[in-house]
1. Give me the extension gain from Ala76 to Lys124: residue separation times 0.36 nm, minus the current Cα-Cα distance, reported in nm with one decimal.
2. Sequence-distant or interchain residues sharing an amide H contact under 5 Å with Met117, placed H: which?
3. Give the residues of the range 116-141 whose amide nitrogen is closer than 18 Å to a point set 7 Å from the Cα of Thr106 in the direction of its Cβ.
4. Over the range 78-141, what number does the Rg to Rh ratio reach, with both radii from the alpha-carbon atoms and Rh per Kirkwood?
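Any read-out appearing in this document is the output of simple, stated calculations on the displayed coordinates, not a laboratory observation. In this text the structure is predicted, and so the values were computed from the model without any measurement. Don't worry about glycine lacking a Cβ; one is built from the backbone with ideal geometry, like all the others, and counts go over all protein chains shown.
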Amino acid sequence: MNLSKTLVTALSCAMLMAACGGAGDKKATESKDTTAAAAAPANPGTGNAAADKALDLIGASDCTTCHRLNKNAGGASIGPAYSDVAAKYNPAADTTVDRLVKKIITGGSGIWGTVPMTPHPALKPEDVKTMVTYILTLKQS
C-alpha cells in the first residue's frame, strides 16, 4: 500500500512540474514567457491601469496553469484560487507582499498543501509585486 502512495505522489509531482514549467534554466523560461505572452488573449481592460498591468503580467506567465481567479471559475486548479490567497493574506502588510513575491520567485510548499509551487526565477521582482498586489485585491465578501 505504501508503494502505491509513493507512486501516486511521485507521478503527481512529475505532472505538476510538467504543467507548471519546472525550474529549467532562465533562458528557456524567458523564451517560454515570450511565447506565452504572444499566445495570451488580449486583456480587455478594467479601467484601472495597475490592475490591467497585473492582468497582462499574469496572462503572460504560467500562473493560470495552476491558479484561477476564484474557486467558481471553470477548470481544475492545482494551486489556490487568487480569491483564497487574498482572503488569507488581506489586509497585507508590505512584509507580507515581499514574502509572497519571494515565494513565487523561489517556489515552495507547505502553506496550501503538499503540492509544491515551482520556482519562477525569470520573473522580475517588480512584476511579481504588481501581480501580488492585484491578487490581494480579489478578496470576496
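1. Details: separation 48, 0.36 × 48 = 17.28 nm, distance 2.73 nm.
Separation in residues times 0.36 nm, less the Cα-Cα distance, equals 14.5 nm.
2. Those qualifying (amide H under 5 Å, at least 5 residues apart or on another chain) are Gly108, Ser109.
3. Inside the label zone: 116-129, 132.
4. 0.94
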